[in-house]
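A.B. asks: Take a look at this one; I'll ask things after.
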Amino acid sequence: MPLAPTPAYLNALGLLCALGEGKQAVADALFAGDTSGMRAETGWVSERSLTVGAVHADLPAMPPGFETAHSRNNQLLLAAARQIEPELRAAIARYGTHRVGLVLGTSTSGIREAGDSIARHVNEGDLPAEYDYTQQEMAAPATFLADWLKLSGPVYCQSTACTSSARALLSAHRLLRMGLCDAVICGGVDSLCRLTLNGFSSLEAVSPGPCNPFSVNRNGINIGEAAALFLMTREPAPIAFCGGGATSDAHHISAPHPDGLGARGAMEKALLGAGLTPDRIDYLNLHGTATRHNDSMESKAVQALFPHGLPCSSSKPMTGHTLGAAGALEAAFCWLTLSEYNRDGLLPPHIWDGQGDPELAPLELVQIGARLPRTQGRHLMSNSFAFGGNNVALILGDAP
């Protein structure tokens, strides 16, 4: 039986990425088209220099008693959580620990620390004293944060590659709609590590320089790291989570459907769930990875669903592709676009070389300084696509 529509609101946001730390710092850099956080680094892949989107903020130490949960992933998550800790604690006090859920998306968890530890074991014959297997379990970020906040409601992680944290927001909404929770902490986190950088490099999918989505010169992704964390409730707030849609076309283990059928289906489901028609969408955050196949299929899907055009951009040239965190991070960019932190009503710009690919369906790519076409009743969509034909589209908007 279909669930009845349930209003949901995104009451708080904590985030950090290559653009900076905290809502205002990230918003200022985002709308300015700041790419200074994207830097060439060595040491990730043998004999190669790669442009990556690293977080350069000082990260908090693990709280006392959580030493075995130490990982860069959990430090990024904790930094985002501490930005909104008062709101999180207030929700727990109001609803009770058993009525607050936690759903996160990740693809790396603590594999960075695990890889370093296993390398030491191979080279020196022993594991570091601080190594703990639970650091690398996919549920580790959710378990850590739930234990730190002393939650007893539903707690889990999702790992569906690059749609992981977008699915976390969908799952959080469903927990509210089913009446299982009164508040859900949701989002995603991923950290840079050799495993993912070498993996994508072996697929010949990584650009050595800045990524260039939808350009005729595009030649692959940049990888980044980030954490983005929301508090979603039924309590009215200025920004609503209108809904989302998901599909799994299972076209190929790593390549998207060439005509973007699954991508278009996810966007259509999101519109249906939100009760909107395509002309009600004011901006689209593209998945926009700058790979040949993704940009081709996404441009086809967007042009088919929005034949009259709409402002759109990929934010990945400013942050890198943050993999399991990308869905939540780019939803956060939509949140910032609608929020008071966007003082001039700007749209996230599309940073590229301006050389369009004549083989791609045309898109209305946002230039620096472009503004939202409406001042109220606005709706923004964000796309996330993943290996295995896994597709998610989310819609945020001004609260009714």
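The values are calculated or read from the model by the stated rules, or taken from the named source; none is laboratory data. Computed from a predicted model, the values in this text were never measured in an experiment. As a convention, Cβ positions derive from the backbone with ideal geometry for all residues, glycine included, and neighbour counts pool all protein chains shown. These accessible areas exclude ligands, DNA and RNA; they are computed on the full protein's heavy atoms, side chains included. Shrake-Rupley method; radii C 1.70, N 1.55, O 1.52, S 1.80 Å.
A.B. asks: Compare the Cα positions of Cys242, Thr143, Thr337 along the charge dipole of the chain (+1 at Cβ of Lys, Arg; -1 at Cβ of Asp, Glu; about the Cα centre) and return the one farthest towards the positive end.
C.D. replies: In the chain, that residue is Cys242.
A.B. asks: Any idea what the dipole of the chain comes to, in debye rounded to 20, about its Cα centre with Lys/Arg Cβ at +1 and Asp/Glu Cβ at -1? If you can, show how the numbers build up before the last one.
C.D. replies: Details: 27 positive and 37 negative charges, 198 e Å.
The calculation lands at about 960 debye.
A.B. asks: Under the definition of Cα pairs under 8 Å and six or more residues apart, what whole-number percent is the relative contact order of the chain?
C.D. replies: Numbers: 1065 pairs, mean separation 94.2, N = 400.
Normalised by residue count, the contact order of the chain is 24 percent.
A.B. asks: Run lengths n ≥ 4 of DSSP H only: what is the helix-derived mean residue ellipticity at 222 nm for the chain, with -39500 (n - 2.57) per run over all residues, to the nearest 500? Walk me through the intermediate numbers first.
C.D. replies: On the way: 11 runs with 125 residues, N = 400.
Result for the chain: -9500 deg cm²/dmol, rounded to the nearest 500.
A.B. asks: Now for a different question. With springs only between Cα atoms under 10 Å apart, run a GNM on the chain and tell me which of Gly125, Gly369, Gly262 wobbles the most.
C.D. replies: With Cα springs under 10 Å in the chain, the top fluctuation among Gly125, Gly369, Gly262 is at Gly125.
A.B. asks: Which percent of the Cα-Cα distances in the stretch 176-318 go past 17 Å? Can you show the working numbers first?
C.D. replies: On the way: 7085 of 10153 pairs.
Across the stretch 176-318, Cα pairs with separations above 17 Å total 70 percent.
A.B. asks: Placing +1 on the Cβ of each Lys and Arg and -1 on the Cβ of each Asp and Glu in the chain, which of Ala90, Gly20, Gly224 has its Cα farthest towards the positive end of the resulting dipole?
C.D. replies: Ala90
A.B. asks: Hey, another quick one. Between Ala263, Ala370, Ala183, which gets the highest mean-square fluctuation from a Gaussian network model of the chain, Cα cutoff 10 Å?
C.D. replies: Answer for the Gaussian network model of the chain: Ala370.
A.B. asks: Of the heavy-atom accessible surface of the stretch 59-175 (probe 1.4 angstrom), what whole percent is carbon and sulfur?
C.D. replies: Values: 2650 of 4990 Å².
Carbon and sulfur atoms account for 53 percent of the accessible area of the stretch 59-175.
A.B. asks: Would you mind counting up the charge near Gly37? Only other residues with Cβ under 13 Å from its Cβ, with Lys and Arg at +1 and Asp and Glu at -1. Walk me through the numbers before you get to the answer.
C.D. replies: Working: positive: Arg39, Lys316; negative: Glu21, Asp28, Asp34, Glu41, Glu225.
Around Gly37, the charge tally is -3.
A.B. asks: May I pose another question? Within a Cβ distance under 12 Å of Ala246, other residues only, what is the Lys/Arg minus Asp/Glu net charge?
C.D. replies: On the way: positive: Arg167, Arg174, Lys269; negative: Asp249, Glu268.
My count for the surroundings of Ala246 gives +1.
A.B. asks: So if R0 is 30 Å, what FRET efficiency would Ala93 and Ala304 give, r being the distance between their Cβ atoms, rounded to the nearest 0.05?
C.D. replies: Rounded to the nearest 0.05, the efficiency is 0.05.
A.B. asks: Leaving out ligands and nucleic acids, and using a 1.4 Å probe, what accessible area per residue does the chain come to in Å²? Don't jump to the answer; show the numbers that get you there.
C.D. replies: Working: 15610 Å² over 400 residues.
Computed with neighbouring chains in place, this is 39 Å² per residue.
A.B. asks: Give me, ordered by chain and number, the residues 5 or more places off Cys211 or on other chains with an amide H under 5 Å from its own placed amide H.
C.D. replies: Asn222
A.B. asks: Positive end of the charge dipole of the chain (Lys, Arg +1 and Asp, Glu -1 on Cβ, about the Cα centre): tell me which of Leu30, Gly320, Ala370 has its Cα farthest that way.
C.D. replies: In the chain, that residue is Ala370.
A.B. asks: Moving on to the next point. For every other residue with a beta carbon closer than 11 angstrom to the beta carbon of Cys193, add +1 if it is Lys or Arg and -1 if Asp or Glu, then tell me the sum.
C.D. replies: Residues close to Cys193 contribute a combined charge of -1.
A.B. asks: Taking the simple approach of a point 7 Å from Cα along Cα-to-Cβ for both Asp28 and Leu203, what is their distance in nm?
C.D. replies: Between Asp28 and Leu203, the simple spin-label model gives 3.6 nm.
A.B. asks: Now for a different question. How much length, in nm to one decimal, is gained on full extension between Glu340 and Arg234, taken as 0.36 nm per residue of separation minus their Cα-Cα distance?
C.D. replies: Details: separation 106, 0.36 × 106 = 38.16 nm, distance 2.06 nm.
Net length gain for the segment: 36.1 nm.
A.B. asks: For the stretch 36-106, what is Rg from Cα atoms divided by 2.2 N^0.38 Å, rounded to two decimals?
C.D. replies: Numbers: Rg = 16.9 Å, N = 71, 2.2 N^0.38 = 11.1 Å.
With N residues counted in the stretch 36-106, Rg over 2.2 N^0.38 Å equals 1.52.
A.B. asks: So what's the Cα pair-distance distribution over the chain, bin width 10 Å, in %?
C.D. replies: Spelled out per bin, shortest first, that is 5, 25, 35, 24, 9, 1, 0.
A.B. asks: Name the chymotrypsin sites (Phe, Trp or Tyr not before Pro) in the stretch 12-105 that are in a loop by DSSP and that have at most 16 other C-beta atoms within 10 Å, would you?
C.D. replies: Numbers: sites: Phe31, Trp44, Phe66, Tyr95; in loops: Trp44, Phe66.
Qualifying residues, ordered by number: Phe66.
A.B. asks: Could you go through the stretch 333-339 in sequence order and give the Karplus-derived ³J(HN,Hα) for each residue, using 6.51 cos²θ - 1.76 cosθ + 1.60 with θ = phi - 60°, rounded to whole Hz, and x for Gly and Pro?
C.D. replies: 5, 5, 4, 4, 4, 7, 8
A.B. asks: Continuing with this model, one more query. Within the stretch 53-70, what residues put their amide N at less than 17 Å from the label point 7 Å along the Cα-to-Cβ vector of Arg82?
C.D. replies: Label zone hits: 55-70.
A.B. asks: Please give every one of the lysines within straight-line cross-link reach of Lys269, meaning a C-alpha to C-alpha distance under 21 Å, and leave out same-chain neighbours fewer than 8 residues apart.
C.D. replies: Counting by Cα, and skipping residues close in sequence, Lys269 has these lysines nearby: Lys300.
A.B. asks: Between Glu41 and residues 5 or more places away or on another chain, which pairs have amide H atoms under 5 Å apart, with H built 1.01 Å from N, and which residues are they?
C.D. replies: Those qualifying (amide H under 5 Å, at least 5 residues apart or on another chain) are Leu50, Thr51, Val52.
A.B. asks: Please find the FRET efficiency linking Arg374 to Asp353, where r is the Cβ-Cβ separation and R0 is fixed at 30 Å, and quote it to the nearest 0.05. Present the calculation step by step, with values, prior to reporting the outcome.
C.D. replies: Working: r = 30 Å, r/R0 = 1.00.
With R0 = 30 Å, the Cβ-Cβ based efficiency is 0.50.
A.B. asks: So, by mean Cβ neighbours within 10 angstrom, what's the order for 203-214, 280-291, 307-318, 325-336 with the highest one leading? Before the final figure, lay out each step's value.
C.D. replies: Details: 203-214: 19.6, 280-291: 25.3, 307-318: 21.8, 325-336: 31.0.
Going from most to least packed, we get 325-336, 280-291, 307-318, 203-214.
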